[in-house]
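This report concerns only the one structure given below.
The values are calculated or read from the model by the stated rules, or taken from the named source; none is laboratory data. This one's a predicted model, so the numbers in the text were calculated from it and none came from an experiment. Glycine also receives a Cβ, built like all others from the backbone with ideal geometry; neighbour counts cover every protein chain displayed.
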Amino acid sequence: MKKFNLGIIGTGWPGQQHAIAAQTLDDANVYACADLDETRRGEFKAAYNPTKAFASYHELLNDPKVDAAIICLPNSLHFPASLAALEAGKHVLCEKPPTMNAAEMKVLREEANRRNLM
Ligand SMILES: NC(=O)c1ccc[n+]([C@@H]2O[C@H](COP(=O)([O-])OP(=O)(O)OC[C@H]3O[C@@H](n4cnc5c(N)ncnc54)[C@H](O)[C@@H]3O)[C@@H](O)[C@H]2O)c1
């Protein structure tokens with residue numbers, strides 16, 4: 001069975017909680033992570049052993065093996081990162097709040113619907 005490849009964007013405490021949860025799933029894999037902070041990225045790699053670790057989340061989203069992005073960035077980055085992920089053809093799970101306002105959420109919903117992504 002092909003495992004669903006997850007890319008965790010933001011490797012602080014919230015990103016690590018998602019990695020811990022993903023490790024309990026039979027059909028998903030912590031395939032990649034991205035974080036600007038080299039120390040945090042290194043700690044995440046040591047703990048969860050992703051195949052790929054990127055500084056830039058854009059590079060993670062360019063990896064065709066990533067099926068879904070789990071976005072655990074500071075709140076102001078939720079909208080641009082979620083939109084970039086959808087535009088790259090990835091499913092998105094984003095930490096709360098998903099956007100800073102309803103208009104941004106509408107953009108994401110429309111983009112996801114248009115691409116048949118969740
Ligand atoms: N669900 C929960 O219980 C819960 C609890 C705490 C926080 N959160 C949410 O999780 C999100 C993250 O919280 P936080 O900011 O306190 O976590 P954090 O500071 O621990 O982690 C955020 C990480 O993002 C990285 N980062 C910042 N900008 C980046 C960029 N442009 N590219 C790549 N990496 C970047 C930082 O280096 C950091 O490691 C927030 O949206 C917050 O609301 C949820």
Take the conditions near the ligand (Cβ under 8 Å from one of its atoms), farther than 16 Å from Leu93 by Cβ and either crowded, with 20+ Cβ neighbours inside 10 Å or modelled with pLDDT of 95 or more (or both) and apply them to Leu77. Does it pass? no
Among (1) buried (at least 17 other Cβ atoms within 10 Å of the Cβ); (2) within 19 Å of Phe4 (Cβ to Cβ); (3) in contact (Cβ under 8 Å) with a residue 60 or more places away in the chain; (4) of a type outside the set (Ser, Thr, Tyr) - the single one Lys65 does not satisfy: (1)
Could you please tell me which pairs satisfy a Cβ distance under 9 Å, a separation of 6+ or placement on different chains, a first residue in the stretch 13-37 that is in contact (Cβ under 8 Å) with a residue 60 or more places away in the chain, and a second residue that is part of a loop (DSSP other than H, G, I, E, B) and not hydrophobic (A, V, I, L, M, F, W, C)? Pro14/Glu95; His18/Glu95
Cβ-Cβ below 9 Å, separation at least six or inter-chain, first residue in the stretch 46-57 and of a type outside the set (A, V, I, L, M, F, W, C), second surrounded by fewer than 19 Cβ atoms within 10 Å (Cβ to Cβ) and part of a loop (DSSP other than H, G, I, E, B): which pairs? Tyr48/Gln23; Thr51/Lys65; Lys52/Asp63; Lys52/Lys65; Ser56/Leu36; Tyr57/Leu36
Look at the stretch 1-29 and say how many of its residues are within 18 Å of Lys90 (Cα to Cα), loosely packed, with under 15 Cβ neighbours inside 10 Å and within 9 Å of the ligand (Cβ to nearest atom). 0
Report yes if Ala32 is in contact with a strand residue (DSSP E or B) (Cβ under 7 Å, 6 or more places away or on another chain) and within 13 Å of the ligand (Cβ to nearest atom), otherwise no. yes
